[in-house]
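What follows is calculated from the coordinates using simple rules that are stated; it is not laboratory data. Just so it is clear, the structure is predicted and the values come from calculations on it, not from any experiment. When we count neighbours, we look across all protein chains shown, and the Cβ atoms used for this are built from the backbone with ideal geometry, even at glycine.
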Amino acid sequence: MVASSSPSLSVELNGLKLKNPIIAASGTFGYGLEYAPLGDLGKLGGIVTKGLSMWEEKGNPPPRICETPAGMLNSIGLDNIGIENFITEKLPQLIRYDTAFIVNIWGRETDDYIKAAERLDEAKGIAALEVNISCPNIKKGGITFGTDPSVTFKLVQAVRKRTALPLLVKLTPNVTDIILIARSAEDAGANALSLINTLLGMEIDVSTRRPSLANITGGLSGPAIRPVALQMVYQTAKKVNIPLVGVGGISSVADVIKFMLAGASAVQIGTANFFDPTICWRLVDELEEYLRNDNISDVNQLVGAMREE
């Protein structure tokens, strides 16, 4: 039997309300405006901006991207226009669209994160912050904050004290036990957790015998990492009491459903945006169709509903 009425797609991430669980991931959707010609941004549950710092960042030297089996490596180095330029140039255009804009922030020192949070807390039209403690592509900061539970706690706590905005903390998979990091972020005041960021990897060009990336190593993303991300979401969902946002290799509505069954309340679409630039819009429609066909009235019924027996 197919449900006659439209199912509810809205979700709430501990203070962050989304019209649906489909979010465009940081670093793969520009600042949001770049994708505006392809569809109504207001149809999406949310958009996470490129990682922003208090300064303009040029990032790493090229080559910065290379394709791998079922994925890609990137070593962009978090190049961005800086928070002040974002607020003056991008945000006024973004707030015309009815969706949740989540600003991803990063820094080299704890004080960088604090200043970023304070500045963005003053801006109008921002729904939440995503605290990036997990980027493997910069030489100082980033991943170093996300591999030590005590450092994670201190950083997230410091940011929490400086902003009233909901905080999503983006976790790295490049740790021995992601639960320790997740719990530290939760205890420090995170509203939700985004997991996972990219896996550390590298590639070599045999014709030149040189690394394929100028930075030698980079972050592996795409369908190749989906099983790892899925397992970490499942594992973490059992150990924390705040919502999770699943990230990693999602490229179909089946993938969306898998992450929600494993315990994610929402998902982020990353690398798939590169090979299918309209995928986020399509997944909103396909998720609604799936719920209707399975006579599910509310998408939240999927969260953590995997059968283990």
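Observations
- Taking the criterion of being in contact (Cβ under 8 Å) with a residue 60 or more places away in the chain and not β-branched (Val, Ile, Thr), the residues of region 99-119 that qualify are 100, 101, 104, 115, 116, 119.
- Test for residue 76: is it without any contact (Cβ under 8 Å) to a residue 60 or more places away in the chain, closer than 29 Å to residue 157 by Cβ and either assigned to a loop (DSSP other than H, G, I, E, B) or β-branched (Val, Ile, Thr) (or both): no
- When region 66-89 is filtered for residues that are within 10 Å of residue 215 (Cα to Cα) and surrounded by fewer than 19 Cβ atoms within 10 Å (Cβ to Cβ), nothing remains.
- Residue that is nearest to residue 108 (Cα to Cα) [pool: residues in region 30-42 that are in contact with a Lys or Arg (Cβ under 8 Å, 6 or more places away or on another chain) and either in contact (Cβ under 8 Å) with a residue 60 or more places away in the chain or not in a loop (DSSP other than H, G, I, E, B) (or both)]: 31
- Within the option set 218, 246, 222, being in contact with a Phe, Trp or Tyr (Cβ under 7 Å, 6 or more places away or on another chain) and surrounded by 22 or more Cβ atoms within 10 Å (Cβ to Cβ) holds for one residue only, 246.
- Selection within region 34-64 - touching a Ser or Thr at 6+ places or on another chain (Cβ under 8 Å) and farther than 30 Å from residue 205 by Cα: 38, 39, 41, 42, 43, 44, 45, 46, 47, 48, 49
- Residue 209 being more than 18 Å from the chain's Cα centre (by Cα), more than 26 Å from residue 185 (Cα to Cα) and free of Cβ contacts under 8 Å to residues at least 40 places away in the same chain: yes
- Residue that is farthest from residue 74 (Cα to Cα) [pool: residues in region 231-249 that are among the aliphatic types (A, V, I, L, M) and out of contact with any helix residue (DSSP H, G or I) (no Cβ under 6 Å at 6 or more places or on another chain)]: 237
- Failed criterion for residue 260 (all others in (1) within 19 Å of residue 67 (Cβ to Cβ); (2) touching a strand residue (DSSP E or B) at 6+ places or on another chain (Cβ under 9 Å); (3) in contact (Cβ under 8 Å) with a residue 60 or more places away in the chain hold): (1)
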